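Trainee: Have a look at the structure that comes next, please.
The values are calculated or read from the model by the stated rules, or taken from the named source; none is laboratory data. Owing to the predicted nature of the structure, the values given are computational and were not obtained by experimental measurement. Glycine gets a Cβ as well: all are built from the backbone with ideal geometry, and neighbour counts include every protein chain shown. Areas reflect the complete protein model, heavy atoms only, side chains present, ligands, DNA and RNA absent. Shrake-Rupley method; radii C 1.70, N 1.55, O 1.52, S 1.80 Å.
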Amino acid sequence: METLGDRLKILRGNISQATLADRLGIPQTTWSNYEKNKNKPDFALIDQLCIEFKVGADWLLFGRGPEPQEVGGIPSSHEE
């Protein structure tokens, strides 16, 4: 079964960790540790990810439910 880190990689798609981390307002090393399952994001970041990527918390946290339709970073409507 996929881990939380695996699902975070799916959300990130093919944009860099640094780019996504910058958009989320966290250090790149923090995001890297999430993907490696060394640390887990706090509830506020989980909520932000669910909103930004339009995914359910069940899928993000446990791998249950539909996979996200958009991957590859925060959707373009959030670009500056």
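Trainee: Given DSSP loops and a limit of at most 12 other Cβ atoms within 10 Å, what is the longest stretch of the chain that contains no such trypsin sites (Lys or Arg not before Pro)?
Mentor: Between the exposed loop sites, the longest stretch runs 1-35.
Trainee: Still on this structure, I have one more. Scan around ASN39 for amide H atoms under 5 Å from its own, H built in the peptide plane at 1.01 Å from N, and keep only partners 5 or more places away or cross-chain.
Mentor: For ASN39, whose amide H was placed from the backbone, the distant partners under 5 Å are TYR34.
Trainee: Leaving out ligands, DNA and RNA, and with a 1.4 Å probe, what % of the accessible surface on the chain is carbon or sulfur?
Mentor: Heavy-atom surface of the chain belonging to carbon and sulfur, 1.4 Å probe: 50 percent.
Trainee: Would you mind computing Rg(Cα) / (2.2 N^0.38 Å) for the chain, counting N as its residues?
Mentor: Its radius of gyration relative to the 2.2 N^0.38 Å reference: 0.98.
Trainee: Report the residue, chosen from GLN28, GLN17, GLN69, that carries the largest GNM mean-square fluctuation when the chain is represented by alpha-carbon nodes joined by springs under 10 Å.
Mentor: GLN69
Trainee: Accessible area per residue for the chain in Å², computed with a 1.4 Å probe and the full protein assembly in place, what is it?
Mentor: Result: 61 Å² of accessible area for each residue.
Trainee: Follow-up. Per DSSP H run of n ≥ 4, the term is -39500 (n - 2.57); total these for the chain, divide by its residue number, and report the mean residue ellipticity at 222 nm rounded to 500 deg cm²/dmol.
Mentor: Using -39500 (n - 2.57) per qualifying helix, the result is -14500 deg cm²/dmol.
Trainee: Right, here's the next one. Can you give me the distance in nm between label points at THR30 and ILE46, each placed 7 Å from the Cα along the Cα-to-Cβ direction?
Mentor: It works out to 1.6 nm between the two label points.
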